[in-house]
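I have placed the structure first, in the form of structure tokens, so that the comments after it can refer back to it.
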Amino acid sequence: MSAPKRSPASPVRSRSNDPEGMRNRILDAAFEAFVTRGYHATAMNDIRDLAGVSGGAFAHHFPSKKQLGLAVLKERVADAVMQSWIAPVQQADTTKEGILGVMTAIIDELSARGNVTGCPLNNLAHELSGGDRDFQVACAAVFDRWQDGIAKALMRDGAVDEAAEAGRLAGFVIASYSGAMAMAKSRQDTGALCDCRAMLDRMIS
């Protein structure tokens, strides 16, 4: 049996099959929702609607909310840390210039936006790490990569002599920034971040 011929007046519907693009839309929507609303406060239907995908397509890529949350951490949050922190610090002339430059860019962005939503990694780590081992491991892995990236830059500059000391200083930078960001979020003001930047400027050689 041959397929029926289409009338010249009948529109031809083209189907696009882009599973990777669909998966990326879901991840992007989930990343935005989890960071701004919180993981537990975001329903799967909310993400599906934001991504503009069907329930079946959504379930095909992410059968559970936990799988989606872990993917957001491992792909979107880790990538955000790489792009906003690790790469700029490692590409700067000195680690100190890189750290201060990153903080200045973040402060300027938040000031222009007029809204402090917090650090994506901190937001999710605070919400999820205490209640689920898989989330704890995923969050810790991103922090470890962040700390290692700054430590390598410090060693490259000769700012510290030993790898262990570089790791401690890198951890201090991240902890200082993370605490300042939490304060900035609670106050909806970048003052704590400005103070943190000023102190890091004085402390890092």
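Within region 30-50, the set of residues being free of Cβ contacts under 8 Å to residues at least 12 places away in the same chain and assigned to a loop (DSSP other than H, G, I, E, B) comprises 37, 41, 43. Within region 136-150, the residues that satisfy the criterion of being touching a helix residue (DSSP H, G or I) at 6+ places or on another chain (Cβ under 8 Å) and either free of Cβ contacts under 8 Å to residues at least 60 places away in the same chain or loosely packed, with under 13 Cβ neighbours inside 10 Å (or both) are 136, 143, 147, 148. Which residues, taken from region 50-64, are surrounded by 16 or more Cβ atoms within 10 Å (Cβ to Cβ) and either touching a Ser or Thr at 6+ places or on another chain (Cβ under 8 Å) or closer than 15 Å to residue 33 by Cβ (or both)? 50, 51, 53, 58, 62 - these are the residues of region 50-64 that are surrounded by 16 or more Cβ atoms within 10 Å (Cβ to Cβ) and either touching a Ser or Thr at 6+ places or on another chain (Cβ under 8 Å) or closer than 15 Å to residue 33 by Cβ (or both). Suppose the filter is surrounded by fewer than 20 Cβ atoms within 10 Å (Cβ to Cβ) and either assigned by TED's automatic domain parsing to the domain that holds residue 39 or among the small types (Gly, Ala, Ser) (or both); does residue 125 pass it? The answer is no for residue 125. Please enumerate the residues belonging to region 193-205 that are modelled with pLDDT of 95 or more and among the aliphatic types (A, V, I, L, M). Scanning region 193-205 gives 193, 198, 199, 200.
Here residue 132 does not qualify as surrounded by fewer than 18 Cβ atoms within 10 Å (Cβ to Cβ) and not assigned by TED's automatic domain parsing to the domain that holds residue 186. Going through (1) more than 27 Å from residue 187 (Cα to Cα); (2) in a helix (DSSP H, G or I) one by one, residue 53 falls short only on (2). Please work out if residue 82 is surrounded by 13 or more Cβ atoms within 10 Å (Cβ to Cβ) and touching a Lys or Arg at 6+ places or on another chain (Cβ under 6 Å). Taking the combined requirement at face value, the residue does not satisfy it.
Residue selection: residue 165 satisfies the criterion of being among the acidic types (Asp, Glu), surrounded by fewer than 20 Cβ atoms within 10 Å (Cβ to Cβ) and more than 30 Å from residue 40 (Cβ to Cβ).
Of all residues in region 54-111, those satisfying the criterion of being closer than 22 Å to residue 144 by Cβ and acidic (Asp, Glu) are 75, 79.
The values are calculated or read from the model by the stated rules, or taken from the named source; none is laboratory data. Not measured: the values here are computed from a predicted model. Positions of Cβ are generated from backbone atoms using ideal geometry, with glycine treated the same way; all protein chains shown enter the neighbour counts.
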